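A.B. asks: Could you have a look at this structure, given as structure tokens, before my questions?
The values are calculated or read from the model by the stated rules, or taken from the named source; none is laboratory data. Keep in mind the model is a prediction, meaning the values are calculated, not measured. For neighbour counting, all protein chains shown are included, and Cβ atoms are generated from backbone atoms with ideal geometry for every residue, glycine included. Side chains included, ligands, DNA and RNA excluded: accessible areas come from the protein's heavy atoms. Shrake-Rupley method; radii C 1.70, N 1.55, O 1.52, S 1.80 Å.
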Amino acid sequence: MTHFDQVLALVAERRAEFEEKRHVPRDVIAVFKDAGIYRASAPKRFGGDALPPAEFLRLIERISAVDASAGWVASFGSSLVYLAALPLDTQAELYAAGPDVVFAGGLFPVQPAERVEGGFRVSGRWRFASGCKGADVLGVGVKAGEDRAGRPLTAVLRPDQVEIAENWDVVGLRGTGSHDLVVDGPVVPEEWTFVRGGDATVDEPLYRYPTVPYAAQVLAVVGLGTARAALDHVIAQGARSGYTGAPKPADRATYRIAVGQAEAQLRSARAFFYEATEEAWATVKAGDPATDEQASALRLASAHLAKTSFEVVRAAYQLGGIGAIADGSPLQRHLRDASVVPQHAFLQEGMYDGAGAVLMGVQPFAGYL
């Protein structure tokens, strides 16, 4: 059994625990580390794998088909692309003990920080820090002057400088541990701050790939894995008799049509998603920056995948009939989890507006590109 197979088996065994505890425990994160998930976006110069995005996305897709919360937490194995904007000496210190570093962030709402001797004094409260209980370093969004594009800084802190306010009480993705972060006054050296989406100091292809669109992709693919699991479940259920003695689902034209339509929807959205990924990757691998059109296609494909995945899960849930409402049914869990993905700010329907603007050659809304 490979390390990755061990991850899938462990997630299947403990997914109910993740939901009950509202986070993925550190011993599971350690297994993720052993499988290379958290070195996937660490620079090769510091011992990381710097995986091509499509390769990493397929790993998250497979984990998410077993448990969406585990997939969501594992997806932050991509987040070291942000930290590639730190000074090289800072990164050398960050990876001094090895490339398997777990980074989690509660970046919003952006809080003001006071510039003091040696750096920035940071205080405030930040929301939605997915995976924070298993993180080695944590980031928070601060405002302390502006870079040329007016983007906020992210300040990087040690876990002992941060209080985790455990308030993650939600309908879906319960196991992600997306609690609030509270910080009370530590000074963060300037060399431990970076602009999210800013220019990388590492010259490797992965760090030329559009960082914010990639952040949307790793979340959207969680919905894809969840939808695949839900659809596979109702396909398998097609041969089983119902409670009422009616014909088996597979013997009903309406059931077969709904399954066929859902399969076509999901595979079409998936194909667009990976097509856009490979196109942008080919450009940056050749040494060129991704174009605005390529970055926009990544955002469009991600939002569309999140939306389509939820629609497919909802169709699967309806096909599941009365049995789908039981706590023991995987369909109710898939429905809850898939409903959260398109709610993320990176994946809401406003992304269609931005994509349409780029396609027609007009200025998209601020922050889209």
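A.B. asks: List pairs: first in the range 155-170 and open to solvent by 60 Å² or more (accessible area, probe 1.4 Å), second aliphatic (A, V, I, L, M), Cβ under 9 Å, 6+ apart or cross-chain?
C.D. replies: What qualifies is ARG158/VAL137; ARG158/LEU138; GLU163/LEU181; GLU163/VAL182; GLU163/VAL183.
A.B. asks: What pairs come out if I take residues in the range 90-102 that are touching a residue at least 12 places away in the same chain (Cβ under 8 Å) and at negative phi and pair them with residues that are open to solvent by less than 20 Å² (accessible area, probe 1.4 Å) and of a type in the set (A, V, I, L, M, F, W, C) whose C-beta lies under 6 Å away, six or more apart or interchain?
C.D. replies: PRO99/ALA42; VAL102/ALA135
A.B. asks: What do you reckon, is ALA236 closer than 28 Å to ARG14 by Cα, free of Cβ contacts under 8 Å to residues at least 12 places away in the same chain and not charged (D, E, K, R)?
C.D. replies: Against the criterion (closer than 28 Å to ARG14 by Cα, free of Cβ contacts under 8 Å to residues at least 12 places away in the same chain and not charged (D, E, K, R)), ALA236 qualifies.
A.B. asks: Here's another thing I want to ask about it. Got a number for residues in the range 120-143 being under 20 Å from the mean Cα position of the chain (by Cα) and free of Cβ contacts under 8 Å to residues at least 40 places away in the same chain?
C.D. replies: Of the residues in that region, 2 qualify.
A.B. asks: Would the range 19-35 turn up any residue that is within 30 Å of ALA276 (Cα to Cα), in contact with a Phe, Trp or Tyr (Cβ under 8 Å, 6 or more places away or on another chain) and assigned to a loop (DSSP other than H, G, I, E, B)?
C.D. replies: So far as the range 19-35 goes, yes, one or more of its residues are within 30 Å of ALA276 (Cα to Cα), in contact with a Phe, Trp or Tyr (Cβ under 8 Å, 6 or more places away or on another chain) and assigned to a loop (DSSP other than H, G, I, E, B).
This table checks each residue for (1) hydrophobic (A, V, I, L, M, F, W, C); (2) in contact with a Gly (Cβ under 9 Å, 6 or more places away or on another chain); (3) modelled with pLDDT under 95.
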position: ALA9; (1), (2), (3): yes, no, no
position: ARG15; (1), (2), (3): no, yes, no
position: PHE32; (1), (2), (3): yes, yes, no
position: LEU59; (1), (2), (3): yes, yes, no
position: ALA65; (1), (2), (3): yes, yes, no
position: GLY71; (1), (2), (3): no, yes, no
position: SER78; (1), (2), (3): no, no, no
position: ALA84; (1), (2), (3): yes, no, no
position: GLU93; (1), (2), (3): no, no, no
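A.B. asks: Residues of the range 105-148 being under 13 Å from VAL188 (Cβ atoms), surrounded by 13 or more Cβ atoms within 10 Å (Cβ to Cβ) and among the aliphatic types (A, V, I, L, M), which ones?
C.D. replies: ALA113, VAL122, VAL137, LEU138, VAL140, VAL142, ALA144
A.B. asks: Next question. GLU117 passes all but one of (1) touching a residue at least 24 places away in the same chain (Cβ under 8 Å); (2) farther than 19 Å from LYS33 by Cβ; which number fails?
C.D. replies: In the conditions (1) touching a residue at least 24 places away in the same chain (Cβ under 8 Å); (2) farther than 19 Å from LYS33 by Cβ, GLU117 misses (1) alone.
A.B. asks: Taking the condition more than 28 Å from GLY71 (Cβ to Cβ) and at pLDDT 95 or above, does THR277 pass?
C.D. replies: no
A.B. asks: Within the range 172-183, is even one residue surrounded by fewer than 24 Cβ atoms within 10 Å (Cβ to Cβ) and either small (Gly, Ala, Ser) or in a loop (DSSP other than H, G, I, E, B) (or both)?
C.D. replies: Yes: one or more hits.
A.B. asks: So in the range 343-357, with the set limited to residues that are assigned to a helix (DSSP H, G or I) and of a type outside the set (A, V, I, L, M, F, W, C), which one is least open to solvent (accessible area, probe 1.4 Å)?
C.D. replies: It comes out as GLY354.
A.B. asks: List the residue pairs whose Cβ atoms are under 7 Å apart, where the first residue sits in the range 19-48 and is over 19 Å from VAL81 (Cβ atoms) and in contact (Cβ under 8 Å) with a residue 24 or more places away in the chain, the second is of a type in the set (D, E, K, R) and surrounded by 15 or more Cβ atoms within 10 Å (Cβ to Cβ), and the two are 6 or more positions apart or on different chains.
C.D. replies: Close Cβ pairs (under 7 Å, with a partner that is of a type in the set (D, E, K, R) and surrounded by 15 or more Cβ atoms within 10 Å (Cβ to Cβ)) amount to GLU19/ARG174; ARG22/ARG174; HIS23/LYS133; VAL28/ARG14.
A.B. asks: Regarding the range 260-269, can at least one residue be identified that is open to solvent by 20 Å² or more (accessible area, probe 1.4 Å), in contact with a helix residue (DSSP H, G or I) (Cβ under 6 Å, 6 or more places away or on another chain) and modelled with pLDDT of 95 or more? Before the answer, list the steps.
C.D. replies: Pass one, the range 260-269, residues open to solvent by 20 Å² or more (accessible area, probe 1.4 Å): 260-261, 263-265, 267-268.
Next, only the ones that are in contact with a helix residue (DSSP H, G or I) (Cβ under 6 Å, 6 or more places away or on another chain) stay: 265.
Next, only the ones that are modelled with pLDDT of 95 or more stay: 265.
Scanning the range 260-269 turns up at least one residue that is open to solvent by 20 Å² or more (accessible area, probe 1.4 Å), in contact with a helix residue (DSSP H, G or I) (Cβ under 6 Å, 6 or more places away or on another chain) and modelled with pLDDT of 95 or more.
A.B. asks: Looking at the range 296-342, which of the residues that are among the small types (Gly, Ala, Ser) and in a loop (DSSP other than H, G, I, E, B) is surrounded by the most Cβ atoms within 10 Å (Cβ to Cβ)?
C.D. replies: Filtering first and then ranking leaves GLY320.
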